[in-house]
Amino acid sequence: MTEIIRKILAEALGAMGIPVPERMEVEVPRDEALGDLSTPIAMSLSKLLRKQPQKIAEEIIANIRERGDFEKIEVAGPGFINFTFKKEALYRSLSGMLREGENHITAKDIGKGRKILLEFVSANPTGPLHLGHGRGAALGAALANLLSAAGFRVTKEYYINDAGRQMALLGESVFAKYQELFGISRSLPEDGYRGAYVEDIAKKIAENVADRYRGLEYVHPQSDFFSEYACKQMLDLIKSDLEAFGVTFDTWQSEKELYDKHEVEQAIEYLRGRGFIYEHEGATWFKATEFGDEKDRVIIKNDGKYTYFASDIAYHKKKVDGGYDELIDIWGADHHGYIPRVKAALESLGYDKEKLKVLLVQMVSLLRGGKPVQMSKRAGEFITLRDVMEEVGADTTKFMFLTRKADSHLDFDLEVAKAASAENPVYYVQYAYARINSILRHAAEKSLSISTPEAPDGSVSADVDLSPLEEPEEQRLIKKILLYPGVFEAAVYAREPHRITFYLQELAGLFHPYYNKHRIVTEDGRLTLARLALSMAARRVLKDGLHVLGVAAPERM
RNA sequence: GCGCCUGUAGCUCAGUUGGAUAGAGCAACUGCCUUCUAAGCAGUGGGUCAGGGGUUCGAAUCCCUUCAGGCGCACCA
């Protein structure tokens, strides 16, 4: 519907010789009595044209050619142009949507096949995923679904930090536990890992190799064996946690591999050739300040070891070289200070830094009954993503994450999430979907069903006469359903899946009262078919939206 | 000290990139199942949009400032 308004506005402005603004705002008026859709465009043009908004609005209206779809178009308030559709126009749009099936939503093809590399989670394989990772996972997966549905070619990537000190620490921690299994006391390294999972891995190794490494020192080659084994175990655990959470990846990029294939060296040498690398006090530095960062950054320490940033340069070079039109990184907000240097790296490599978009996910505070849950990774006491999934459920957890925009802090209260489970927003939306399915089943028993591309087994064509839908609840529902493509599009442009979440709650919030007040399946065949068609349309949008969010759409509850 | 994020109903959060009288869910209170699913519905109460200044036709939204919370400011990852 918003598309129709934009089109006729553009035509009218064109006829008036006014340049069409890039972004024409079309919104739903606060009060439905004002109209179905509204635009403040006359007010925004007021300054440019040096005319009163009301006058401009009137002129625009006078220049609108195709007004056949509208009951009325009028100026209101300080200069809004309000549009009210004819019922027939709404019925026509809804019929079109039913006929087109899934294509209706993605038909616009915003992405036009452009390639996006979406990197998210990328948690170090040194411990299980926690709730903050879950938030990134939920957002990343939803964003990938959203962008894919909009016609982008999205690759979901997980970057594995399997090189460097942390892996050595993990290996040594496991090694210490392994020795303990044979009654040999070894102190953990100072910053070692203490979780129960460390012991689990040690036990697994003992099962496999028995006492082969008993009593040895933590040096090559056993150090490599332990750290690599532990890393693999952790990755398996992370993968299975993500899978249980319903999040999958297309590619897993290993940091170690960047070193093994000399891609880090090559990237640095390339930059050295361009004059952005220098030696100072025994270390190798990158001239980040040339590209707007606060200070230059060390990439090789004076002990000869690379910093994390060194491999990140190579990694992001690899990303761009992969032929992607856009890179999206989802990071925890605690890494925000890192953005300027990575952008600097991209620029120094000769790439457009605007290609990279970093989405920051704010911290999650885990509460139980209003009190913070104490978590200490060092002591190995923390609640993992899996714990939360088992306690409150994956769908609820995801939905909670996706009802917030990424950059706001989040209090996740286990008691609230659980206690409210019966009246959780996620169930409200899912219930609407399940309820519609129940109605359709009921209708099918009475040999009443309608055929649409997604339900081809029906006996009646989608060209149902919708004109019996005259109740205000029905009008509201139709309009809300027809708004979905616009909401979807806005969510895509803003890269904000949470807009879908809120829309779905609103849609469910119209269907439930409708259901409660009116019967879908009645003695009146014409009315019944029309209502079934409306329900089908709502069902499709709910299903599509839930799919984007990565939340289950249950046939029954 | 500097930088980034946040501050909206008792609680958790939206607010369509500056638009009309600021919304939803929880929580509280009152009603509704013989009928397609009560995980639902109908109704009631609830606000100095942290405070102050500015920009303009118009500000929760943009700018400045104060306050509060969080997170960063490594030759850590």
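The values are calculated or read from the model by the stated rules, or taken from the named source; none is laboratory data. Everything numeric here is computed off the predicted structure, so don't read it as measured data. Here the Cβ is made from the backbone with ideal geometry for all residues, glycine too, and neighbour counts use every protein chain on show. For accessibility, only protein heavy atoms count, side chains too; no ligands or nucleic acids. Shrake-Rupley method; radii C 1.70, N 1.55, O 1.52, S 1.80 Å.
Quick look at the values:
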| quantity | calculated |
| --- | --- |
| Single residue of region A:381-395 satisfying the filter (out of contact with any Leu (no Cβ under 8 Å at 6 or more places or on another chain) and modelled with pLDDT of 90 or more) that is most open to solvent (accessible area, probe 1.4 Å) | A:GLU390 |
| A:ASP236 being modelled with pLDDT of 95 or more, open to solvent by 30 Å² or more (accessible area, probe 1.4 Å) and in contact with a Ser or Thr (Cβ under 7 Å, 6 or more places away or on another chain) | no |
| Residue match in region A:253-264 (condition: touching a residue at least 40 places away in the same chain (Cβ under 8 Å), within 38 Å of the chain's Cα centre (by Cα), open to solvent by 30 Å² or more (accessible area, probe 1.4 Å) and more than 30 Å from A:LEU117 (Cβ to Cβ)) | no |
| Scan of region A:311-329 for residues that are open to solvent by less than 10 Å² (accessible area, probe 1.4 Å) and of a type in the set (A, V, I, L, M), ordered by number | A:ILE313, A:ALA314, A:LEU327, A:ILE328 |
| Selection within region A:275-310 - loosely packed, with under 12 Cβ neighbours inside 10 Å and under 37 Å from the mean Cα position of the chain (by Cα) | A:GLU294, A:LYS295, A:LYS305 |
| Criterion violated by A:ASN82 - all others in (1) touching a strand residue (DSSP E or B) at 6+ places or on another chain (Cβ under 6 Å); (2) farther than 30 Å from A:SER535 by Cα; (3) not charged (D, E, K, R) satisfied | (2) |
| Residue that is least open to solvent (accessible area, probe 1.4 Å), among those in region A:406-436 that are more than 6 Å from RNA strand B (Cβ to nearest atom) and more than 24 Å from the chain's Cα centre (by Cα) | A:ILE436 |
| Pairs, first in contact (Cβ under 8 Å) with a residue 40 or more places away in the chain in region A:492-514, second of a type in the set (D, E, K, R) and in a loop (DSSP other than H, G, I, E, B), C-beta under 9 Å, six or more apart | A:GLU496/A:LYS405; A:HIS498/A:ARG404; A:HIS498/A:LYS405; A:THR501/A:ARG404; A:TYR514/A:GLU471 |
| Which listed residue is at pLDDT 90 or above and not assigned by TED's automatic domain parsing to the domain that holds A:ALA394, from A:GLY113, A:GLY96, A:GLY136 | A:GLY113 |
| Qualifying residue in region A:206-216 (condition: away from RNA strand B (no atom under 16 Å from the Cβ), buried (at least 16 other Cβ atoms within 10 Å of the Cβ), among the aliphatic types (A, V, I, L, M) and over 30 Å from the mean Cα position of the chain (by Cα)) | yes |
| Residue match in region A:85-104 (condition: open to solvent by 20 Å² or more (accessible area, probe 1.4 Å), closer than 21 Å to A:GLY486 by Cα, within 35 Å of the chain's Cα centre (by Cα) and among the hydrophobic types (A, V, I, L, M, F, W, C)) | no |
| Looking only at region A:396-444, and only at residues there that are assigned to a loop (DSSP other than H, G, I, E, B) and of a type in the set (Ser, Thr, Tyr), the one that is modelled with the lowest pLDDT | A:SER408 |
| Filter result (closer than 23 Å to A:SER93 by Cβ, of a type in the set (Lys, Arg) and open to solvent by 10 Å² or more (accessible area, probe 1.4 Å)) within region A:523-557 | A:ARG526, A:ARG531, A:ARG539, A:LYS543 |
| Count of residues meeting criterion [assigned to a loop (DSSP other than H, G, I, E, B), within 10 Å of RNA strand B (Cβ to nearest atom) and farther than 18 Å from A:ILE4 by Cβ] in region A:17-73 | 4 |
| Where a residue in region A:336-360 is open to solvent by less than 10 Å² (accessible area, probe 1.4 Å) and in a helix (DSSP H, G or I) and its partner, wherever it lies, is modelled with pLDDT under 95 and of a type outside the set (A, V, I, L, M), with Cβ under 6 Å and at least six apart | A:ALA344/A:PHE291; A:ALA344/A:ASP293; A:LEU346/A:LYS353; A:SER348/A:PHE291 |
| Residues of region A:463-488 classified as open to solvent by 10 Å² or more (accessible area, probe 1.4 Å) and assigned to a loop (DSSP other than H, G, I, E, B), total | 7 |
| Failed item in (1) open to solvent by less than 80 Å² (accessible area, probe 1.4 Å); (2) modelled with pLDDT of 95 or more; (3) part of a helix (DSSP H, G or I), with A:VAL247 passing the rest | (3) |
